[in-house]
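Working notes, beginning with the structure itself.
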């Protein structure tokens, strides 16, 4: 029996952390750094590390848990508004590179099965890669961001389905038409059974567990049982275990447990998979890479990289035309979808394990994933700047509507200024709620720190939560609840001037930001607005500037002005807050 080598594991985890941290500092996903570390420390260069049975087991568990986490991250509700253009982008960005990748391998003398595996790896796109880059480029509130997310999810799901069929075929060996029908039938039965179990059985289990008042540890254990049960069903159906894990993640996210437990479990899967086991897989994947391809298969490497890039960008742009959003936006989406990541490496690694592709082909796919991902921030920056300069960068929130905590004059003034948005005002003061209703606002009386109050406000459908009571602590806690239980993407909090700064750090933890990009006292401005003792003014910004820098530029007038909104080129208003950039020719609306 193989001896448990703790030093080997220690070196892998330490090097994965160093490589991943270096990659993230450069603006790239951690898996690129982990792959590069595996190549450097593995047999390809220094030979310090090598694959062992223990590492292989941990790596396999790692990809199963990673696929669960990827499944749990998918929220189809958030992608509804981008489903049609996202579908077009996914189809074009999948079919064209798939076909080009397939015929490239056939041309170079590869087998049909190997060609299909390479085609799948070339056709996928990386959701994790884009998520980080979209944040860095401040594109999360644009239509492009939601199209990219939808396209990535559809593309990767399609890749996993095709991958499942291919692995079933390979496992079955040489089979006749009846045997092929049986393989397809088992796969279909698997999808039907897991869908029915996810829609009907798991919610019943969740209700039982909530009534039983079971602790979080047991919840996690039961979810692991569900995950490995789904994974085993996939294996029985002749599919790979990662597909079962992916399906389990899809159904665990919503409708099984209460939102707080689901959020906690999501964090646990994130920490265990991405923080521990998945890095072992990606580092050990680097062990299988050979640098001989640069001598023996350099032409094929170059062709595969070009096919992957051109096929993805051109294919996406062509199929995107029926969306009506133009070929320039199609090219921009294509450049964003050009990166590869976790799913591609997992599929390629399984193909190598099954003997479908050689180590040379696997190495080519790894280098292709690294190179194409490196191009995403460069190309996406160029293309989005191109759209922005032409005033064609469209802002769009997948989840629309506002919840405003505070029926005070300040809250009512903001609600009045928001156009074409569903606004719900929440307050614990009955008289203020009654006054808001009298003015025609949709107002709810209740304690914002109770889940049922946010349920009544339909928080799961809202895109923005604004907390502007005079109590900073209540504002912080309410924003945290909106984030933990209802995943509201944008949280904006009023921070009072007497705030000592300890709770301000919590804003970053829940991805929230401060209202008016500055500490502000509620009472003086609420009184001014209530008395009508103010004047609304607008200024056009000549050069791009952050909201914080704009505030600093008005320091001589900070006590006498209050920036409320930014109006973009399409005339759409957004609330003035700290983590924002005011573009050239955008307007700032402020009170004086």
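The values are calculated or read from the model by the stated rules, or taken from the named source; none is laboratory data. Small disclaimer: the values here were computed from a predicted structure and weren't measured. Please note: Cβ atoms are built from the backbone with ideal geometry, for glycine as well, and neighbour counts cover all protein chains shown.
Some points to look at:
- Filter result for residue 280 (within 17 Å of residue 63 (Cβ to Cβ) and at pLDDT 85 or above): yes
- Any chance residue 325 is within 21 Å of residue 95 (Cβ to Cβ) and modelled with pLDDT of 85 or more: yes
- Flag for residue 313 being part of a helix (DSSP H, G or I) and out of contact with any helix residue (DSSP H, G or I) (no Cβ under 9 Å at 6 or more places or on another chain): no
- Given (1) under 22 Å from residue 483 (Cβ atoms); (2) more than 24 Å from the chain's Cα centre (by Cα), index of the condition residue 430 fails: (1)
- With respect to (1) more than 30 Å from residue 482 (Cβ to Cβ); (2) at pLDDT below 90; (3) not in a loop (DSSP other than H, G, I, E, B), the lone exception for residue 368 is condition (2).
- Boolean, residue 393 is at pLDDT below 90 and over 31 Å from the mean Cα position of the chain (by Cα): no
- Conditions (1) buried (at least 19 other Cβ atoms within 10 Å of the Cβ); (2) modelled with pLDDT of 90 or more; (3) more than 19 Å from residue 386 (Cβ to Cβ); number of the one not met by residue 299: (1)
- Screening 14, 121 for residues that are surrounded by fewer than 16 Cβ atoms within 10 Å (Cβ to Cβ) and either modelled with pLDDT under 85 or part of a helix (DSSP H, G or I) (or both) leaves exactly one candidate, 14.
- When 401, 406 are checked against the criterion of being buried (at least 22 other Cβ atoms within 10 Å of the Cβ), under 30 Å from residue 443 (Cα atoms) and touching a residue at least 40 places away in the same chain (Cβ under 8 Å), a single residue qualifies: 406.
The rows are residues; the columns are (1) modelled with pLDDT under 85; (2) loosely packed, with under 13 Cβ neighbours inside 10 Å; (3) in the same structural domain as residue 411 (by TED's automatic domain parsing).
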residue	(1), (2), (3)
524	no, yes, yes
528	no, no, yes
547	no, no, yes
550	no, no, yes
553	yes, yes, yes
557	yes, yes, yes
563	no, no, yes
567	no, no, yes
575	no, no, yes
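- Some residue of the stretch 291-312 being within 23 Å of residue 18 (Cα to Cα) and more than 25 Å from the chain's Cα centre (by Cα): yes
- Condition met for residue 588 (modelled with pLDDT of 85 or more, more than 20 Å from residue 415 (Cβ to Cβ) and assigned to a strand (DSSP E or B)): no
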